[in-house]
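The values are calculated or read from the model by the stated rules, or taken from the named source; none is laboratory data. Note that the structure is predicted; figures quoted are calculated from it, not measured. Cβ placement follows ideal geometry from the backbone for every residue including glycine, while neighbour counts extend to all protein chains displayed.
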């Protein structure tokens, strides 16, 4: 009996050792460098901008004053009257119907020895940095030459951290005046205090405060640190202005690009459709001033080397709200908006809209090549309206590719109806959206493997992995990012049919968000990229030019043993770029067999994003919990052996000779 037990014990031990040895054998991936299967679009990885979560006003648009022109539904929202008026009518709000876009202004009447003032709370406060210079400006007219304006910035404790003053000249016409303040301390929650001394009456409007240090130093421009994170991604395109912003709750609330260009003070403010959209995140002070308008969007795209991708309303309001439709016999105005936008972007300065572009400071065309008609619209009513746009745009601008919506979901009856109709119409690019749990992204890495290569191209226009974590900044976890990285290997492997892809939404303000997760989070002073940002950045900065097949046992690497892989070759840098996801809790040994006649430098670069904790996220306090780490791998010949960290996304760069 003892001998039998000993034999069984030895047999079990041998079996265990054999299994252990087998478990340690590396998985072999075959890289067919000399057999590229297609080209990667130059616009493959981009960004999607929508004014949600204080993305524009209170975010990337660097204006610090909320409701600067008193045009909110509540004209005094954000403002507080200071001092004690000695006479009735010391503060008057006037509405002048003859003023274009910006009809309201405030009339202040001050008596000798008195002080009248206004205080603005900013967007959840004002972010002020020690040593930085800020410019306060206002439009005014006055019949008095004895009035002075005083401006101060106060911290949370009501201490003055910057101040300046100047006389207000007597002027019958509206005049803009500015002064500069230098801050002595840093605070995220400053307030702006403005008061008048001297007797007289003055009309004031467009009371504004900007940092001088904006993106590219442009006066009254964009927040430098937020744009820099976009520029660092080297995106192939920027889609704007949305998103559901395009549709509006009703057609009156839709985004109308013509009202967002021209002089800033003539752009007509509207309520932001995310103002009260979500009962759990009401934001009643959320409006669109359009200081960031279509000209600024085009300029931003040019600045960061991205193709502009504007999306226009197709005559339909958001179908989750009113679903309002413009009658078919009144659709011409909407189609004309598309034609005029192409003229604004690309037209000669001799044309009406090309001249406006030039007058705004950009005589050269913006090189617009594609345009979206509708956002997340569906049903036969969408197809009917889209057909009108397509007929006119194809006839007058065959050089412009049309992007059309496949609705709100990546499957189901609604999706299938639209997909069939759009392909029958020979639409250039179909826009697919998917906000789904990590499991969907992991199981959908092969989604595009069997798509028709001769039909429409695909734009993965909005996507994000949604975990069960609580809403807010903490929802942007490594679990979400890693599942997106796995899915993106499938997008890259099918880059001959997937033309473009962009995560959504782009920005979230930690004190003013409505939707999460988001790619980049900010407060009034700081900005950080989420784990998903780090994934997107690795893809977009290593885009490549040619799709290289990666196989395991003759099949794409798309989820077997929780491994995902894709590869591209970059003709410019002469690099083979391999991307691999290990969605396992243990390390995974790999052997890469490089099937090619080319020679390699014998040191490869390995860049890794990894964490054993799938719930970890970056934050204002710890912005680099998840960040890329680089090491070198030495190898000889055409075989490279390495081990992938648990729960990791790895980029391996091999230089060819």
(request) Go through the stretch 456-489 and count every residue that is touching a strand residue (DSSP E or B) at 6+ places or on another chain (Cβ under 9 Å) and part of a loop (DSSP other than H, G, I, E, B). (result) 6
(request) Report yes if residue 316 is under 30 Å from residue 44 (Cβ atoms) and over 18 Å from the mean Cα position of the chain (by Cα), otherwise no. (result) yes
(request) Count, please, the residues in the stretch 589-599 that happen to be in a strand (DSSP E or B) and surrounded by fewer than 20 Cβ atoms within 10 Å (Cβ to Cβ). (result) 3
(message) List the residue pairs whose Cβ atoms are under 6 Å apart, where the first residue sits in the stretch 353-373 and is within 27 Å of residue 429 (Cα to Cα), the second is surrounded by fewer than 17 Cβ atoms within 10 Å (Cβ to Cβ), and the two are 6 or more positions apart or on different chains.
(response) 354/348
(message) Go through (1) surrounded by 14 or more Cβ atoms within 10 Å (Cβ to Cβ); (2) in contact with a helix residue (DSSP H, G or I) (Cβ under 8 Å, 6 or more places away or on another chain); (3) not in a strand (DSSP E or B) for residue 419 and report which single condition fails.
(response) (2)
(request) Kindly provide the set of residues from the stretch 621-655 that are assigned to a loop (DSSP other than H, G, I, E, B) and over 27 Å from the mean Cα position of the chain (by Cα), ordered by number. (result) 635, 637, 638, 645, 646
(message) Which count do you get for residues in the stretch 94-113 that are at negative phi and either surrounded by 13 or more Cβ atoms within 10 Å (Cβ to Cβ) or touching a helix residue (DSSP H, G or I) at 6+ places or on another chain (Cβ under 7 Å) (or both)?
(response) 13
(request) Kindly check whether there is at least one residue in the stretch 221-234 that is farther than 21 Å from residue 65 by Cβ, assigned to a loop (DSSP other than H, G, I, E, B), under 21 Å from the mean Cα position of the chain (by Cα) and in the same structural domain as residue 532 (by TED's automatic domain parsing). (result) yes
(message) Tell me whether the stretch 35-56 contains one or more residues that are at pLDDT 95 or above and over 34 Å from the mean Cα position of the chain (by Cα).
(response) yes
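Rundown of residues vs (1) assigned to a helix (DSSP H, G or I); (2) surrounded by 19 or more Cβ atoms within 10 Å (Cβ to Cβ); (3) out of contact with any helix residue (DSSP H, G or I) (no Cβ under 7 Å at 6 or more places or on another chain), yes/no style:
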site	(1), (2), (3)
308	no, yes, no
340	yes, no, no
355	yes, no, yes
358	yes, no, yes
361	no, no, yes
(request) Need at least 3 residues that are in the same structural domain as residue 207 (by TED's automatic domain parsing) and surrounded by fewer than 15 Cβ atoms within 10 Å (Cβ to Cβ) per element, so show me which strands (runs of 3 or more DSSP E) inside the stretch 143-189 make the cut, counting only ones lying wholly within it. (result) 160-168, 171-182
(request) Would you please name the residue that is surrounded by the most Cβ atoms within 10 Å (Cβ to Cβ), looking only at residues in the stretch 381-416 that are without any contact (Cβ under 8 Å) to a residue 12 or more places away in the chain and farther than 17 Å from residue 459 by Cα? (result) 394
(request) Write out, first by first residue and then by second, each pair whose Cβ atoms fall under 9 Å of each other, whose residues are 6+ apart or on separate chains, and whose first residue, in the stretch 314-329, is free of Cβ contacts under 8 Å to residues at least 40 places away in the same chain and assigned by TED's automatic domain parsing to the domain that holds residue 385 while the second is outside any loop (DSSP other than H, G, I, E, B) and surrounded by fewer than 18 Cβ atoms within 10 Å (Cβ to Cβ). (result) 323/381
(message) Within the stretch 278-294, does at least one residue satisfy the condition of being in a helix (DSSP H, G or I), surrounded by 22 or more Cβ atoms within 10 Å (Cβ to Cβ) and in contact (Cβ under 8 Å) with a residue 24 or more places away in the chain?
(response) yes
